[in-house]
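J.: Got a structure for you, questions after.
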Amino acid sequence: MLISLRPLAERWFPSLPLLANFRGMVQHGLPLEIGDTVQILEKCEGRYESMKTKNFETVIPTEDSVITEITMTLRDWGTMWKQLYMRNEGDLFHRLWHVMNEILELRQQVLVGHLTHDRLSDIKQHITARLDWGNEQLGLDLVPRRDFSMVDPDEISITELYRLVGSHTFMLTRHRRREAPPQASMHHLFLQMKSMMSSNLGEELEVFYSVYDSREMRPISERFFVRLNKQGLPKSPEKTERQCTLFVDLGSSDLRKDVYVVAHIFRIGRMVAGEKKSVSNTQYKRPYGCAVISVADLLTADFKDDHVLKIYSCNAESEWYQIHDSIIRKVGSRYSHIGLNVSLQLLHGDMEQIRKDYMRLFTRNVSITKRLGFSDIIIPGEIRNDLYVTLERGEFEKGGKSVARNVEVTVYLLGGDGQGLVCCGSGEPGVDEHRSFVLYHSNSPRWAEQIKLPIPLEMFHGTHLRFELRHCSSKTPLSKEKGEKKLFGFSFVPLMQDDGRPLPDGTHELIVHKCEETADLQDPARYLKLPFSKASLQPGNNQTIKNSKESFWIQSSLCSTKLTQNGDMLDLLKWRVHPDRIIDCLPKLKDIDGTEIVKFLQDTLDTLFGILDESPQRYGLKVFDCLVHVINLLQDSKFQLFKPVMDNYIENHFAGALSYRQFLFLFFTDDKLFLQYKGISPITHTQAVFLRSFPTVCCELLKIFSMREVANLARDTLSSLPALTHTDCPLQAVKLQCMAKTVDSPLYINPESRCVLLPVVLRLLHTHLQEQRELVLCANILTSMLTLNTPATVSLTPKLIYILFAPFSASFSSFVLFIAYITRVHCSLFCLDNSDCCLTVQSLTLVFQSFLLQLFTVFRILIRPDMFPKDWTVMRLVANNVIITTILYLSDTLRNNFLNEKFDFKVWESYFYLCIIFINQPCLQLEMFPPSKRKKVLEKYGDMRVMIGCEIFSMWQHLGDYKLNLIPTLIGPFMEVTLVPQMDLRNVLIPIFHDMMDCEQQRSGNFKQVEAKLIDKLDGLMSEGKGDETYRELFNNIIPLFGPYPSLLKKIERETWRESGVSHIATVTRLMERLLDYRDCMKIGEVDGKTMGCTVNLLNFYKTELNKEEMYIRYIHKLYELHLKAQNYTEASYTLLLYDELLEWTERPLREFLTYPMQSEWQRKECLHLTIVHNFDRGKCWENCIILCRELANQYEAYYDYRNLSKMRMMEASFYDKIMNQQRLEPEFFRVGFYGKKFPFFLRNKEFVCRGNDYERLEAFQQRMLSEFPHAIAMQHANLPDQTIHQADAQYLQIYAVCPVPENQDVLQRDGVPNNIKSFYKVNHIWRFRYDRPFHKGTKDKENEFKSLWVERTTLTLAQSLPGISRWFEVEKRELVNDVFPSTSPPSKQSYNHKHRHHNLSMLNINPLTMCLNGVIDAAVNGGLARYQEAFFAKDYIANHPEDGEKITRLRELMFEQAHILEFGLAVHEKFVPQDMRPLHKKLIDQFHVMRSSLGIQECLCFGSGLTDWQLECTHTFAKFILCFSFSPLSYPAVNRYSSSSLSSQASNEVSNITGQSESSDEVFNMQVRNSKILSVLGN
């Protein structure tokens, strides 16, 4: 522990409050209790030396700020990372996981503390880059940093904060990953050779990789050389540099489809593959195959990926030189079914960055394969001296052979210590000689084989290349000397020419000199005197060559930073050797390639200034032209990295004693430098150049003169600038640029010199602002000035404000143009002493009102969502803190200067609008923030919304009677503010509505205007997602809201207008309930019954209670769209019919509304009619279509529009045809009860009847309802629930089927009406439904339960008929009836009469009839009719129940009638029954005789041909019914319509016994009681 011995009184010590008790039970521990204060004495090596006020000391550890940020950030990421998994965002989940692990590893390295300073900086930069990436991916805020540490916004100015977060380097790091494709100018290709995929090679291989441009048909990189053993694996697996390479310095233009990685493969073995070993043991390098892959295939991969390259071979070895082009063009090559297994990855960025990002790659000694030539961006200091030679081709004679030669070329570098300087490719060390591959029997071989010669500069002079040509034969005995191949000639080429230039780039045709003995080549001096190329031959010298027909071609390319092949450049650099050529060399400099100039930049500049010193009068102008050319050349992006080289040269290597004066003079007078200022005088040119350079000159003068002297010089210079001559003068912008550079220079930062410069800067700034031009530059200057928040700056605050606002007092539009830029960065203007601001503003009494309005406009622009990027929350919060501070200061000013007789509506309205916009900012909605972020904001700034809300309430109370002027305008904005989910804010502002209602009541006698505004605004705001259940309860609550202020409802109850007020509050509350239900349903995004139900509820509310026709129509169309989306075409038609009914057939013009254009009322109603008809047609409600067609036809007829009338009549006729010819499904109906407090308001504790979908049965409907309400519990009984269920904090669903009770009984009972027509009226326009619940009265008879079985019939009456605008409607009334056998009228015998006979019936499927007859005659369940006879026809029952005599008689009549119908059914069955079912038919007849006998029926109809006409008519009718019945999928009689999980099993069985396919009539109900299924069908 460190103990300070210095007196405490001599130092200042910060105090730290104690946050928790500490027992101090460790070594040197200091026991502390809450309330003790610890004073910091000294911070030393990450620890605090501190002292407790009770003469104790302790040490508090500290940590690096980056470590602290990592801890906080990873804690936030951890929660969000788990949420990514829950949202199934697997890609980001795994990437974030890897980044988090990487950050933890780097954190551990920082904590260990064993890193160098540079390495620590690199790791911190890497950490912050990863943190920024993660924050960006997760949508978190931007973290401003300086030197890798988070910046406290309170410790820097706002403008400095803006510059920090908006700086180019910071944003580049922030958004680096967003750039796709990568914007890096340099790219590199990593390649790793793994193996050749072949099982039987038998020979060693050599593989050469290169990058090839198929468009230019040339390689753009060196070759990478890999040796493979006979198994196809690298020969040296332990040496990774021989397996991996990095093709460096690929430009962005090289990443395209026609750039390929090419692999040439050669085998090392016998001349002819497969020949016997006894022929020759000599090893030859022979072509094997080639493979290619496009670089474009690698652009989308961010990681190393394995590729298998197909190997192709050429058809003829003479085409080997272009095999890669053939593969690319897919011609002239064949696939050898062998592949190369390689790994490839593209890397982006400069080499320094690559080495940092891929450290593991370089730790295993990856080889570097350079580019042929210089890259797109030349790096200063790069040293290269590489000569690339390509063995192109040769033309040779047979030499007395019967076949062509097998030529091998051996390359030697001679003339110096050239050992190991011949490189076949990177990856393998250099050798002394290179042997080419051999093409079999070719006197015109084409090799296209490249070698690299990294020759030092000092070796170029006197060095030459020798190419020895040998014939290789596997059938001729070898020469006696060491088995050498037969030499037949050689060629050579010197690397340096006589004039001192190296060998020029291009193709060289070399002379082949005859030579058969190697000894003749031992002395190079013997042949170096000979001509080496045919281009160097003098005319007539061909006799010196033994055979001029043979030639050998090579191609050379020099990539050197030390040698130049340009003669003009060489003449300029050697100007002292030939001084007479200077006057010609200087103009040629402009024609030299820029690459050559920047390679020798320093030498070029030394040369130019040396020439200038030699004779300034003679060469001055030309040297100046050259210097300007060189300076402009460095503006090219290719040479931008050479700018520091130029700066360094000017700083340290400037040559020439007289050049300063000459250069400056020419710099200021030469017109060629200012071509952009055409038409401007040379004096103006000179002034512009002077102003551009003046701030830099001043900084240089500080090295010689004192700060005060230079400041005085700058002040005098700036003060002497002439006034503005005209607005188009280029000096106007130059002056401001000079001023901006001066303010940013050390000259202004220094307090001593700033006091000298500030007055003249303010004067010039004021002058430019008066002209209202170059506002962006003016804003930048103000930014720099206000960044220095010093006492000197604060003292100038009044003057700054005057300068800023006074020029715009007469032009508001110009001011807005100015603040459009300045508000981004100049909040600091209002961070100064606000009292000074206010005093200054008040002094400008003439423009005070305009100033406030402009200031409020500035603030509104500043808090716009698009003002700053989304993640600049820190910047937004700081700006808001400035705004709220200014608003609080301006409140007193408003009350003192703009109330009473000085009341100004515009100022007060602008003030309240600003406050409301401020509160509604997204960046202040703390409820949307994560807990950690919300805690930080509250600790630093508090909830600024509440602060502004209290200020709004206070200012509103001070308005007094002037509130009336603001009531219509501010009702909506205040409603929007109160919807913010902040309880304190709501408590403060809701009482304002009472003041509005009271003021309006006193002025108008009612507050309908307030009510209308509230309702209109409420719908729009809650549709936007604002408001919640808490707000609804708060609005309608009676508890106090804000301090002494009572609740809104309680205040209203004290007023004389309390009845209308309470009614208004209740109306608004009910509207909120419906809007909340609607919004909650729409959030789900699914179209279901709940969504449609709440929409119906809301539109009915607007119509019945609010009488808001426009809102009513809007929700009609919203419901219409929902129905169309759900394919509920019938309901969609009924919905749109509501709007149609509001219109009349008149010519009243209607405005454009929703999707309707401006048109007459007649046209819109016609359009609606046609749309409704179309949807009714899709819903198969053709009867409704006919009614609308008739109405349209009447209108067309009234207007004599016979063309449309004809169309309408034809359409009407088509609907009649559809009714008669097309089948329509009869839907099922279900009663649904919603019980429990968890249901929405419009469903809670209510029961509905729902119209089911097509083919939807009870079980399917119940599953659908449970899916819409996944938390609901299905009730398993049909009894009405008690209050316990009603008040339960849950959801209960009670579902069972119900039968429709048609209203139009005339159609159903009328004779001769087809069933196609009746079926429509059975299930349409239905208001009433009923369902039957069986129960037992008294004691249940176990032997015959029918004796005590009763039926409870419940009739449900709806609020609206089905179908309608919804698929379900609420039950408005229910009626209960208990009866055993309801009294019904006997079925009319006329129902069996038909006017037409059907003699040609054909029964396609008799099975339904068979089952129907069998189910009634042979009733296996519950005994059938015998049970009824036993229960009700017994003498005891008749004697004991005389009151049921009439019912018993009626029951016997129905049984007789049933027997007659069954007899007809058996007759039909006998006619169509197949032969294999005859035994069953006989059994049915026998059982029917038993049934008839039990009923006492004696006479019997004869089955078969002896039927009477009436019986035959009934038989045919019965057969027709069965025929239709067999085709209907919904009319299967065995389906029990009422059995469901909603009923108990016992009740289900009982219902099965007494209920069947009942639809509507009482006759069918009696047949159900008799358990006769066939009667239930026939009765319909």
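The values are calculated or read from the model by the stated rules, or taken from the named source; none is laboratory data. It should be emphasised that the depicted structure is a prediction, and the values quoted were computed from it without experimental measurement. Note: ideal-geometry Cβ built from the backbone for every residue, glycine included; neighbour counts use all protein chains shown. Areas reflect the complete protein model, heavy atoms only, side chains present, ligands, DNA and RNA absent. Shrake-Rupley method; radii C 1.70, N 1.55, O 1.52, S 1.80 Å.
J.: With a/c under 1.5 counting as rounded, go ahead and sort segment 1097-1240 into rounded, prolate or oblate using the C-alpha gyration tensor (a ≥ b ≥ c being the square roots of the eigenvalues; past the cut-off, prolate if a/b is larger than b/c, else oblate).
T.: Taking the square roots of the gyration eigenvalues as a ≥ b ≥ c, segment 1097-1240 is oblate.
J.: With r as the distance between the Cβ atoms of D305 and E155 and R0 = 60 Å, compute the FRET efficiency 1/(1 + (r/R0)^6) and round to 0.05.
T.: According to the calculation, E is roughly 0.80.
J.: Follow-up question, since we're still on this one. Quickly work out the S637-to-Q1475 label distance, labels modelled 7 Å from Cα along the C-beta direction, and quote it in nm with one decimal.
T.: For the pair Q1475/S637, the computed spacing is 9.4 nm.
J.: Okay, next question. Taking all pairs of different Cα atoms in segment 974-1013, averaging 1/r and flipping that mean, what Kirkwood radius in angstroms comes out?
T.: The Cα-based Kirkwood calculation yields 10.8 Å.
J.: If you don't mind, another one. If the convex hull of the alpha-carbon atoms of segment 487-633 is projected onto planes in all directions, what is the mean projected area in square nanometres?
T.: Seen from a random direction, the Cα hull of segment 487-633 projects 11.2 nm² on average.
J.: In addition: Segment 886-950: which chymotrypsin sites (Phe, Trp or Tyr not before Pro) are DSSP loop and have at most 16 other beta-carbon atoms within 10 angstrom?
T.: F903
J.: Going down the list K124/K599; K304/K599; K1337/K1373; K1103/K1322; K124/K940, which pairs span over 29 Å between their C-alpha atoms?
T.: Pairs exceeding 29 Å: K124/K599; K304/K599; K1103/K1322.
J.: Next question. Given a Förster distance of 22 Å, report the FRET efficiency between C1167 and D1254 from their Cβ-Cβ distance, rounded to the nearest 0.05.
T.: 0.15
J.: Quick check: residue separation of N1279 and S615 times 0.36 nm, minus the Cα distance between them. What number comes out in nm?
T.: Between N1279 and S615, full extension yields an extra 227.2 nm.
J.: Over the Cα atoms of segment 546-621, what radius of gyration and what Dmax do you get, in Å?
T.: For segment 546-621, the Cα radius of gyration and maximum Cα-Cα distance read 17.0, 59 Å.
J.: While we're looking at this one, here's another question. Over segment 1187-1257, with the other protein chains present, what is the accessible area per residue in square angstrom, probe 1.4 angstrom?
T.: I get 52 Å² per residue for this part.
J.: For D892, what accessible area in Å² do you get when you roll a 1.4 Å probe over the heavy atoms of the protein chains, rounding to the nearest 10?
T.: D892 exposes around 80 Å² with every protein chain in place.
J.: For M928 and T767, FRET efficiency with R0 = 45 Å and r from the beta-carbon atoms, rounded to 0.05?
T.: The calculated FRET efficiency here is 0.40.
J.: On to the next question. Take each of the peptides 1280-1291, 1226-1237, 585-596, average the number of other beta-carbon atoms within 10 Å over its residues, and list them starting from the highest.
T.: Output ranking for 1280-1291, 1226-1237, 585-596: 1226-1237, 585-596, 1280-1291.
J.: Calculate, in nm to one decimal, what L1142 and Q353 gain on full extension: separation in residues at 0.36 nm each, minus their alpha carbon distance.
T.: Length gained between L1142 and Q353: 276.7 nm.
J.: In terms of Cα to Cα distance under 16 Å, which aspartates and glutamates are near enough to K1347, apart from those fewer than 8 places away along the same chain?
T.: D1379, E1430, D1436, E1443, D1444, E1550
J.: At 37 °C and 0.692 mPa s, grab the translational diffusion coefficient of segment 322-415 from Stokes-Einstein with a Kirkwood Rh over Cα pairs, rounded to a whole number in µm² per second.
T.: 168 µm²/s
J.: Of the listed pairs K401/K514; K194/K239; K330/K370; K1318/K1471; K257/K452, which have alpha-carbon separations greater than 23 Å here?
T.: K330/K370; K1318/K1471; K257/K452
J.: If you don't mind, another one. Could you order the peptides 1361-1372, 994-1005 from most to least packed, using the average number of other C-beta atoms within 10 Å per residue?
T.: 1361-1372, 994-1005
J.: Based on C-alpha coordinates, I'd like the Rg and Dmax of segment 394-526, in Å.
T.: Computed over the Cα atoms of segment 394-526, radius of gyration and Dmax are 15.7, 48 Å.
J.: Using only Cα atoms, what Kirkwood radius does segment 408-473 have, in angstroms?
T.: Result for segment 408-473 stands at 13.0 Å.
J.: Using packing as a proxy for protection, rank 1209-1218, 1347-1356, 871-880, 1307-1316 so that the peptide with the highest average count of other Cβ atoms within 10 Å comes first.
T.: Result, highest mean first: 871-880, 1347-1356, 1209-1218, 1307-1316.
J.: Kirkwood hydrodynamic radius for segment 245-376: how many Å is it when counted over pairs of different Cα atoms?
T.: The Cα-based Kirkwood calculation yields 17.3 Å.
J.: For segment 1283-1381, count all C-alpha to C-alpha pairs, find those more than 15 Å apart, and express that count as a whole percent of the total.
T.: Result: 73 percent of Cα pairs exceed 15 Å.
J.: Moving on to the next point. Which residues does a label at E395 reach in segment 436-458, if reach means a backbone N under 19 Å from a point 7 Å past the Cα toward the Cβ?
T.: Taking a point 7 Å out along Cα→Cβ of E395, the residues of segment 436-458 whose backbone N falls under 19 Å are 442-448.
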